[in-house]
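The values are calculated or read from the model by the stated rules, or taken from the named source; none is laboratory data. Since the structure is predicted, the reported quantities are computational estimates derived from the model, not experimental observations. Neighbour counts are summed over all protein chains in view; Cβ atoms, including those assigned to glycine, are modelled from backbone coordinates with ideal geometry. Side chains included, ligands, DNA and RNA excluded: accessible areas come from the protein's heavy atoms. Shrake-Rupley method; radii C 1.70, N 1.55, O 1.52, S 1.80 Å.
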Amino acid sequence: MDGLTLAFIPIVAILTITPGVDTMLVINNTLTRSTSDGLGSVAGVNLGLLVHAMASALGLSMILMNSAAAFELVKLAGALYIIYLGIQSLKRSRAKSTIYQAEPLKAKRKLTASVKEGFLTNVLNPKVAVFYLALLPQFISPTENIIEKSFILLMIHITMGVLWLGFIAIALGKMRHFITGDKFQKRLEAISGVVFIALGIKMAMSK
């Protein structure tokens, strides 16, 4: 492992453990649904990272960095989706019951929904694309294969993301047995809804 790759590890580790929309989504889906849904969200988030890294390696992220209109369009789409998740959480907090019913078909649908939420929350965040475009080249020397080295750095980032967010999902999943209850879930959904809406508004207003 070369020096540039070693330098990449602590930087991306700090970025991985910094709380954001992805972390909030994993926490919410784990506590209000199930550990499997939390892990499904982790999978979706990291699929989103894969898309961003590939776009960066292929130069597609240059469009977002150089076009204000394209950046604003993707940013607003991401902000609206996060706000939508917040509104859905608020609706569930006002419903008669939010307790997860483990029916096979319903469970499959919810797990699919969790993967989709994780993916869209990440892939619709243009700052992640710009982050990859700005960061990855700093750790690739002129003599290296850009696609190959980008893939290596991506795998390091995804591995850290899976381990960190997976740890959060599993740890909270174990705690969930001690804090289950309709009243708790309603409060958590309400708090999550407000946080998601605030994060969506913050994204929409960001430059």
How many Lys pairs in the chain lie less than 14 angstrom apart by Cα atoms, where the lysines are 8 or more positions apart or on different chains? 9
Give me the one-decimal nm value for the distance between modelled label points at Met175 and Ala13, 7 Å along each residue's Cα-to-Cβ direction. 2.3 nm
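Starting from the Cα gyration tensor of region 129-177, take the square roots of the eigenvalues, sort them a ≥ b ≥ c, and report rounded, prolate or oblate (rounded when a/c is under 1.5, otherwise prolate if a/b is larger than b/c, else oblate). Mind dumping the intermediate values first?
On the way: a/c = 5.46, a/b = 3.16, b/c = 1.73.
It is prolate, given that a/c is not under 1.5 and a/b is the larger ratio.
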Share of carbon and sulfur in the accessible heavy-atom surface of the chain [1.4 Å probe, %]: 73 percent
Run lengths n ≥ 4 of DSSP H only: what is the helix-derived mean residue ellipticity at 222 nm for the chain, with -39500 (n - 2.57) per run over all residues, to the nearest 500? -28500 deg cm²/dmol
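Given an 8 Å cut-off on Cα distances and at least 6 residues of separation, report the relative contact order of the chain as a percent. Display every interim value, and only then the final one.
On the way: 262 pairs, mean separation 89.1, N = 207.
Taking the mean separation of contacting Cα pairs over the length of the chain, I get 43 percent.
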Starting from the Cα of Glu72, step 7 Å along the direction of its Cβ; do the same at Gln138; then give the gap between the two resulting points in nm. 2.9 nm
Net length gained if the chain between Met65 and Ala204 were fully extended (0.36 nm per residue, minus Cα distance): 48.4 nm
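Can you tell me the accessible area per residue over region 141-201, all protein chains present, probe 1.4 angstrom, in square angstrom? Numbers along the way, then the final one.
On the way: 3560 Å² over 61 residues.
Ligands and nucleic acids excluded, the figure is 58 Å² per residue.
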Taking only Cα atoms and a 10 Å spring cutoff, compute GNM fluctuations for the chain and point out the largest among Leu85, Leu15, Leu165. Leu15
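By Kyte-Doolittle mean hydropathy of at least 1.6 and Cα axial length of at least 18 Å, which whole DSSP H helices of the chain are selected? Walk me through the numbers on the way to the answer.
Numbers: long enough: 3-17 (22 Å, 2.44); 35-58 (35 Å, 1.08); 68-94 (39 Å, 0.73); 104-123 (28 Å, -0.26); 146-179 (48 Å, 1.50); 182-205 (34 Å, 0.67).
Membrane-span-like by this criterion, though nothing is claimed about a membrane: 3-17.
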Could I have the simple spin-label model distance between Leu4 and Asn145, label points 7 Å from Cα toward Cβ, reported in nm to one decimal? 1.5 nm
Rounded to the nearest 10 Å², the accessible area of Lys186 using a 1.4 Å probe with every protein chain kept is 50 Å²
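If you roll a 1.4 Å probe over the heavy atoms of the protein chains, what accessible area per residue do you get for region 14-74, in Å²? Spell out each step's value before the answer.
Values: 2570 Å² over 61 residues.
About 42 Å² of surface per residue is accessible.
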